[in-house]
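Reading through the structure tokens given below for one structure.
The values are calculated or read from the model by the stated rules, or taken from the named source; none is laboratory data. The shown structure was predicted, so the numbers you read here are calculated from the model rather than taken from an experiment. Cβ: placed from backbone, ideal geometry, glycine included. Neighbour counts: every protein chain shown.
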Amino acid sequence: MKVILLEAVHGLGEAGELVNAKSGYARNYLLPRGLALEGTKANIEEWEVRVKEKQENEAKEKEEALALKEKLEETKLELSVKAGEGGRLFGSITSQDICVALRDQGILVDRKKIELKNPIKETGTLTIPVRVYPEVTADLTVNVTEA
């Protein structure tokens, strides 16, 4: 019996998938608990429309992510901070500071997407990865200078 899963079911599939389940399992467990919809012609057609819309949205989001990647890789971020001897900073530069500097240049990026392993504590030029989409990562160049 074909069913459309509304929630992930261990051993059967993930939410949104069209799967074959044994008819007894579907009628006695999946359907009464609201874990699946019966795979009728109307339900399958509606499911196909939703899948197509989801794929179009994902393609659009990926296009936007690629455009943001290009913009980030062209950007050379300049941060000027107080530093002591040997280029050691008073304090540190975190992903939040980088996020604010990017926002000042008109680029909106969530600070959680800036993959800064440790805060920056020295002057110099660094390349920092920014994950703009699950499989798209941009390399942002940050130049930290002494004020």
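State all residues of segment 91-118 that are surrounded by fewer than 19 Cβ atoms within 10 Å (Cβ to Cβ), farther than 13 Å from Leu77 by Cα and not basic (Lys, Arg); if no residue qualifies, say none.
Scanning segment 91-118 gives Gly91, Ser92, Thr94, Gln96, Leu108, Asp110, Glu115, Asn118.
If Val19 meets every condition in (1) of a type in the set (A, V, I, L, M, F, W, C); (2) under 29 Å from Tyr133 (Cα atoms); (3) in a helix (DSSP H, G or I) apart from one, which number is that one?
Just one mismatch for Val19, condition (3).
Whether any residue in segment 11-34 is within 14 Å of Val142 (Cβ to Cβ), more than 25 Å from the chain's Cα centre (by Cα) and either among the aliphatic types (A, V, I, L, M) or assigned by TED's automatic domain parsing to the domain that holds Arg131 (or both) is what I want to check. Give the steps one after another, and end with the answer.
Going residue by residue through segment 11-34, those that are within 14 Å of Val142 (Cβ to Cβ) are none.
No, because not a single residue in segment 11-34 is within 14 Å of Val142 (Cβ to Cβ), more than 25 Å from the chain's Cα centre (by Cα) and either among the aliphatic types (A, V, I, L, M) or assigned by TED's automatic domain parsing to the domain that holds Arg131 (or both).
When only residues in segment 113-134 that are without any contact (Cβ under 8 Å) to a residue 24 or more places away in the chain and either over 27 Å from Ala83 (Cα atoms) or outside any strand (DSSP E or B) (or both) count, which is farthest from the chain's Cα centre (by Cα)?
Only one residue fits best here, namely Asn118.
Hey, among the residues in segment 135-147 that are among the acidic types (Asp, Glu) and within 17 Å of the chain's Cα centre (by Cα), which one's surrounded by the fewest Cβ atoms within 10 Å (Cβ to Cβ)? Can you show your working first?
Within segment 135-147, the first condition is being among the acidic types (Asp, Glu), and the residues that meet it are 135, 139, 146.
Subsequent filtering for residues that are within 17 Å of the chain's Cα centre (by Cα) retains 135, 139.
Details: Glu135: 8, Asp139: 11.
Of everything passing the filter in segment 135-147, Glu135 is surrounded by the fewest Cβ atoms within 10 Å (Cβ to Cβ).
Give just the number: which of (1) outside any strand (DSSP E or B); (2) under 25 Å from Leu5 (Cβ atoms) does Leu37 not satisfy?
Unmet condition: (1).
Which residue is nearest to Pro119 (Cα to Cα), if the candidates are limited to segment 43-54 and must be within 22 Å of the chain's Cα centre (by Cα) and modelled with pLDDT of 95 or more? Steps first, answer last, please.
Just the residues of segment 43-54 that are within 22 Å of the chain's Cα centre (by Cα), to begin with: 50-54.
When the remaining residues are screened for being modelled with pLDDT of 95 or more, the result is 52-53.
Details: Lys52: 42, Glu53: 40 Å.
The extreme case among them is Glu53.
Among (1) in contact (Cβ under 8 Å) with a residue 24 or more places away in the chain; (2) in a helix (DSSP H, G or I), which single condition is Glu78 missing?
Against the list (1) in contact (Cβ under 8 Å) with a residue 24 or more places away in the chain; (2) in a helix (DSSP H, G or I), Glu78 comes up short only on (2).
Cβ-Cβ distance below 9 Å, separation of 6 or more or different chains: which pairs start in segment 98-112 with a residue that is of a type in the set (D, E, K, R) and end on one that is surrounded by 10 or more Cβ atoms within 10 Å (Cβ to Cβ) and in a loop (DSSP other than H, G, I, E, B)?
Arg103/Val109; Arg111/Thr94
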